[in-house]
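A.B. asks: One structure follows; several queries about it will come next.
The values are calculated or read from the model by the stated rules, or taken from the named source; none is laboratory data. Just so it is clear, the model here is predicted, and its values are computed rather than measured. Glycine gets a Cβ as well: all are built from the backbone with ideal geometry, and neighbour counts include every protein chain shown. Note: areas computed on protein heavy atoms with side chains; ligands, DNA, RNA excluded. Shrake-Rupley method; radii C 1.70, N 1.55, O 1.52, S 1.80 Å.
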Amino acid sequence: EVELAEWSEKEAADRNKPVRRVLRDDLIIELARRQPANRDELLAMRDMNRSDYKRHIPALLECVERGRQRPEQLLPPPAPRNAASIEADEHVLSKLLNLALTNRCAELEISRQLVGTTADLRDLVRWHLAEREQGEPPSLATGWRAEVCGDLLTDLIDGRIGLRVGDPASDHPLVFERLW
């Protein structure tokens, strides 16, 4: 992102235009994330086939390559996350885990309320993401609850498990598959 942002700022100054008119922020992020290696990969990205972007393809590909080569110690530190952002992430993950837990309980014919509450799911997310080394494991990560759902939920957070719809007519339509 650094190389692309620097190029965009310089280009904007040279052309006396606002930076966002040269290369939008969302495209900078997407280019940095995908890191296209050639013209075809770059043009396959959303909005990159516009003529005002096409003429900059060589420069954009050079920026991506320089970004790949930039030593990590020369990268700016990540922006600190504020409490609202962390809480929003916990909320989203808790909703996903709620679906997984509800599905697992239906599959095993166990009462969902008996296994854990929404607060228990948030505790698990918070512990798993931040407090793992120092905090006590939450109820969903210990005892019989961990046997029922603990690994499923933590592996889902870690991206080791994928989710798909199996049989939509089933009491437990979701299928969780180990990715690695």
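A.B. asks: Which residue pairs have Cβ atoms under 6 Å apart, sit 6 or more places apart or on different chains, and have a first residue in region 27-56 that is more than 22 Å from residue 9 (Cβ to Cβ) and of a type in the set (Lys, Arg) and a second that is open to solvent by less than 90 Å² (accessible area, probe 1.4 Å) and in a helix (DSSP H, G or I)?
C.D. replies: 39/57
A.B. asks: Still on this structure, please answer the following. Restricted to region 158-167, and to residues that are among the aliphatic types (A, V, I, L, M) and either open to solvent by 30 Å² or more (accessible area, probe 1.4 Å) or touching a Ser or Thr at 6+ places or on another chain (Cβ under 9 Å) (or both), which residue is farthest from residue 89 (Cα to Cα)? It would help to see each step written out before you state the result.
C.D. replies: Step one: list which residues in region 158-167 are among the aliphatic types (A, V, I, L, M), which gives 161, 163, 165.
With the extra rule that they be either open to solvent by 30 Å² or more (accessible area, probe 1.4 Å) or touching a Ser or Thr at 6+ places or on another chain (Cβ under 9 Å) (or both), the set shrinks to 163, 165.
Values: 163: 19, 165: 23 Å.
Among those that are among the aliphatic types (A, V, I, L, M) and either open to solvent by 30 Å² or more (accessible area, probe 1.4 Å) or touching a Ser or Thr at 6+ places or on another chain (Cβ under 9 Å) (or both), it is 165.
A.B. asks: Still on this structure: I need the full set of residues from region 130-139 which are part of a helix (DSSP H, G or I) and either open to solvent by less than 60 Å² (accessible area, probe 1.4 Å) or of a type outside the set (Gly, Ala, Ser) (or both), in order please.
C.D. replies: Here is the first cut: in region 130-139, the residues part of a helix (DSSP H, G or I) are 130-131, 139.
Selection gives 131, 139.
A.B. asks: Moving on. Please work out if residue 118 is hydroxyl-bearing (Ser, Thr, Tyr), touching a helix residue (DSSP H, G or I) at 6+ places or on another chain (Cβ under 8 Å) and within 20 Å of residue 180 (Cα to Cα).
C.D. replies: Numbers: hydroxyl-bearing (Ser, Thr, Tyr): yes; touching a helix residue (DSSP H, G or I) at 6+ places or on another chain (Cβ under 8 Å): yes; within 20 Å of residue 180 (Cα to Cα): no.
Against the criterion (hydroxyl-bearing (Ser, Thr, Tyr), touching a helix residue (DSSP H, G or I) at 6+ places or on another chain (Cβ under 8 Å) and within 20 Å of residue 180 (Cα to Cα)), residue 118 does not qualify.
A.B. asks: To continue, here is another question. How many residues, within region 151-180, are under 22 Å from residue 140 (Cβ atoms), in contact with a Lys or Arg (Cβ under 7 Å, 6 or more places away or on another chain) and assigned to a loop (DSSP other than H, G, I, E, B)?
C.D. replies: Matching residues across region 151-180 total 2.
A.B. asks: So for region 140-154 (the condition being at pLDDT below 90, among the polar types (S, T, N, Q) and open to solvent by 90 Å² or more (accessible area, probe 1.4 Å)), does at least one residue qualify?
C.D. replies: Within region 140-154, not a single residue is at pLDDT below 90, among the polar types (S, T, N, Q) and open to solvent by 90 Å² or more (accessible area, probe 1.4 Å).
A.B. asks: If we scan region 120-129, do we find a residue that is over 12 Å from residue 97 (Cβ atoms), open to solvent by less than 80 Å² (accessible area, probe 1.4 Å) and aliphatic (A, V, I, L, M)?
C.D. replies: No, there is no match, as no residue in region 120-129 is over 12 Å from residue 97 (Cβ atoms), open to solvent by less than 80 Å² (accessible area, probe 1.4 Å) and aliphatic (A, V, I, L, M).
A.B. asks: If a residue has to be among the hydrophobic types (A, V, I, L, M, F, W, C) and more than 14 Å from residue 90 (Cβ to Cβ) to count, how many in region 101-139 make the cut? Quick ask: steps written out before the conclusion?
C.D. replies: Taking region 101-139 first, the residues among the hydrophobic types (A, V, I, L, M, F, W, C) are 101, 105-106, 108, 110, 114-115, 119, 121, 124-125, 127, 129-130.
Now drop any that are not more than 14 Å from residue 90 (Cβ to Cβ), which leaves 101, 105-106, 108, 110, 114-115.
So the answer is 7.
A.B. asks: Going residue by residue through region 38-55, is there one that turns out to be under 21 Å from the mean Cα position of the chain (by Cα) and modelled with pLDDT under 85? I'd like the intermediate steps shown before the answer.
C.D. replies: The first filter runs over region 38-55 and keeps only residues under 21 Å from the mean Cα position of the chain (by Cα), leaving 45-46.
Retained after the next criterion (residues that are modelled with pLDDT under 85): 46.
Yes, the conditions are met somewhere in region 38-55.
A.B. asks: Which condition number does residue 170 fail, the rest of (1) open to solvent by 60 Å² or more (accessible area, probe 1.4 Å); (2) over 25 Å from the mean Cα position of the chain (by Cα) being met?
C.D. replies: If we test residue 170 against (1) open to solvent by 60 Å² or more (accessible area, probe 1.4 Å); (2) over 25 Å from the mean Cα position of the chain (by Cα), just (1) comes out false.
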